[in-house]
Amino acid sequence: MKVEHQPDPGEYTVELGASAATGKQRAPDCCSRFFCCCCIHLGPVGQRIYHWKLWQKLLLFIPLGIIVLALLAFLALVIYAKAASYGPDSTAISALQSNLNVTAFTGVTGGTWLVFVPTPLVNTTAAAKGLILYPGGFVNAYAYAPIASHIAAATSAVVVITPFFLEAAIFGWGKSSDVVSYFSSATLNGAIPPVKTWILGGHSLGGAFATYHLSNIGDGTPIKGFLGLAGAGFDISGLKIQGALLRGSNDMVYSADSAKKGATQLPSGSVIKEIAGGNHGQWGSYGPQKGDGTPTITPVQQWDVAADVVKQMLQKI
């Protein structure tokens, strides 16, 4: 007697071209096309479990993909920042050296800060006053050595330049608090005297994030003034500190309208000056800046205005 095979209710056959044998169920397309070898004998419940586990495995790759995309975006940002940055010119490199009036210290605190100390203050113990200067966006910190040295000599203030990651103050606007803490007592074996009172300033983007930091820390800190060199942006009008905003008349980067708005965000009584013939790039020493106007005064003449304003502010704090 011939016994015919009876199909199991959960059994599937895969149809490849011709129709499956009569009485047998056809496997779903997704199974027959891709996973027939794995789920041909699983049955409906087993097949669903198999597919769910497969999706779980695929979902594990999503976080990995996000991480890869984030790393690629970060790498692109680094490449762009390096390509777009302005480096120091020969004048800036020369200003990193000490002279008769100013002693320069480079690489303070792990090779980062640049410090310019009036020579008469070196190795003294009396408390001094200082200026912290935030560089402009995508400008190398060394480019501000000339103006820092110039202000230090003219005002008898310690001037500290703080570089930033990718040369943008957005990646470390709170560095001034580290500076204040570090110089609260004599440093470098007594070579730099303690600095108890500060002005926080910045050029362009550096000035904007200096105001942002001040708006967060408020009054009652050793920072008693703000100096904006073609840069402000956050409201500090309620603070009881000295303020100043300077802009060159030929500045085509930081517009007159921006300066007008910035002035309204500074404390009452702040000094607002437009420097005839000055421009945006001459606050640093990094060559012509794209989109900027042509200056009709020298950089030193522009720095003299800043030095005079700093001197007046230091007398009031």
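The values are calculated or read from the model by the stated rules, or taken from the named source; none is laboratory data. Note that this is a predicted model, so its numbers are computed, not measured. Methodologically, a virtual Cβ is constructed for each residue, glycine included, from the backbone with ideal geometry; neighbour enumeration extends over all protein chains shown. Protein only, heavy atoms only, side chains kept; ligands, DNA and RNA dropped before computing areas. Shrake-Rupley method; radii C 1.70, N 1.55, O 1.52, S 1.80 Å.
As a rough guide to protection, the peptides 160-172, 240-252, 142-154, 210-222 ranked by mean Cβ packing within 10 Å, highest first, stand as 142-154, 240-252, 160-172, 210-222.
Grab segment 251-317 and count how many Lys pairs have their alpha-carbon atoms under 22 Å apart, sequence gap of 8 or more, or different chains.
Step by step, the pairs that qualify in segment 251-317 add up to 4.
Diagonalising the gyration tensor over the Cα atoms of segment 188-317 and scaling each eigenvalue by 5 before taking the square root yields semi-axes of 25, 18, 13 Å, largest first.
Rolling a 1.4 Å probe over the heavy atoms of the protein chains gives segment 198-317 an accessible area of 41 Å² per residue.
For segment 175-240, the alpha carbon positions stretch 38, 23, 14 Å along the principal axes, listed from largest to smallest.
Computed from backbone phi, the HN-Hα couplings of segment 252-267 come to 9, 9, 9, 6, 4, 5, 5, 5, 4, 5, x, 4, 6, 9, 9, x Hz, rounded to whole numbers (Karplus: 6.51 cos²θ - 1.76 cosθ + 1.60, θ = phi - 60°; Gly and Pro given as x).
Lys240 to Phe61: FRET efficiency via 1/(1 + (r/R0)^6), r the Cβ-Cβ distance, R0 51 Å, to the nearest 0.05?
Plugging the Cβ-Cβ distance into 1/(1 + (r/R0)^6) gives 0.35.
Measuring nothing but protein heavy atoms, the accessible surface of segment 168-279 at 1.4 Å probe radius is 52 percent carbon and sulfur. Is segment 110-266 best put as rounded, prolate or oblate by its Cα gyration tensor, with a ≥ b ≥ c the root eigenvalues, rounded for a/c under 1.5, and otherwise prolate when a/b is larger than b/c, oblate when not? Prolate is the answer for segment 110-266, as a/c is 1.5 or above and a/b outweighs b/c. Could you check the simple spin-label distance between Met252 and Ile170, using points 7 Å along Cα→Cβ, in nm with one decimal? Once both label points are built, they end up 2.5 nm from each other.
If you bin all the Cα-Cα distances of segment 89-198 at 5 Å, starting from zero, the percentages per bin are 2, 13, 25, 27, 19, 10, 3, 0.
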